[in-house]
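Everything on this sheet refers to the single structure shown next.
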Amino acid sequence: MQLGHKDLDTWKPGPNSAGGVSVQIIFQNDTQKTIKYVYFDVVPYNAVKDA
């Protein structure tokens, strides 16, 4: 998982010009088994750690 922002078509780490960030999740199945469902739970927090 990476925190950062998308600037045009490039992903850059860290906050954007307005101080906001996005989440990029890259998942890869390295097994021979088929994964039918994948769930990711993400909770946003602000600068003072409020959800």
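State which residue pairs qualify: first residue closer than 19 Å to Asn46 by Cβ and inside the range 16-29, second residue of a type in the set (D, E, K, R) and open to solvent by 60 Å² or more (accessible area, probe 1.4 Å) in any location, beta carbons under 7 Å apart, and separation of 6 or more residues or different chains.
Hits for this filter: Ser22/Lys6.
Of the residues in the range 7-42, how many are open to solvent by 100 Å² or more (accessible area, probe 1.4 Å) and either aromatic (Phe, Trp, Tyr) or not in a strand (DSSP E or B) (or both)? Steps first, answer last, please.
Here is the first cut: in the range 7-42, the ones open to solvent by 100 Å² or more (accessible area, probe 1.4 Å) are 8-9, 13, 17, 26-28, 30, 32-34, 36-37, 39-41.
Among the residues that remain, those that are also either aromatic (Phe, Trp, Tyr) or not in a strand (DSSP E or B) (or both) are: 8-9, 17, 26-28, 30, 32-34, 36-37, 39-41.
Residues that pass the stated criteria total 15.
Within the range 1-18, restricting attention to residues that are touching a strand residue (DSSP E or B) at 6+ places or on another chain (Cβ under 8 Å) and among the polar types (S, T, N, Q), which residue is modelled with the lowest pLDDT? Can you show your working first?
Start the filter on the range 1-18 by keeping residues that are touching a strand residue (DSSP E or B) at 6+ places or on another chain (Cβ under 8 Å), which leaves 1-6, 11-16.
Subset that is among the polar types (S, T, N, Q): 2, 16.
Values: Gln2: 56, Asn16: 73.
This residue is Gln2.
Of all residues in the range 31-51, which are hydroxyl-bearing (Ser, Thr, Tyr) and over 15 Å from Gly19 (Cα atoms)? Lay out the reasoning, then the answer.
Step one: list which residues in the range 31-51 are hydroxyl-bearing (Ser, Thr, Tyr), which gives 31, 34, 37, 39, 45.
Scanning the range 31-51 gives Thr31, Thr34, Tyr37, Tyr39.
The values are calculated or read from the model by the stated rules, or taken from the named source; none is laboratory data. Source: prediction; values computed, not measured. All Cβ positions, even for glycine, are placed from backbone atoms using ideal geometry, and neighbour counts span all protein chains on display. For the accessible areas, the whole protein counts, side chains as well, though only heavy atoms, and no ligand, DNA or RNA atoms are used. Shrake-Rupley method; radii C 1.70, N 1.55, O 1.52, S 1.80 Å.
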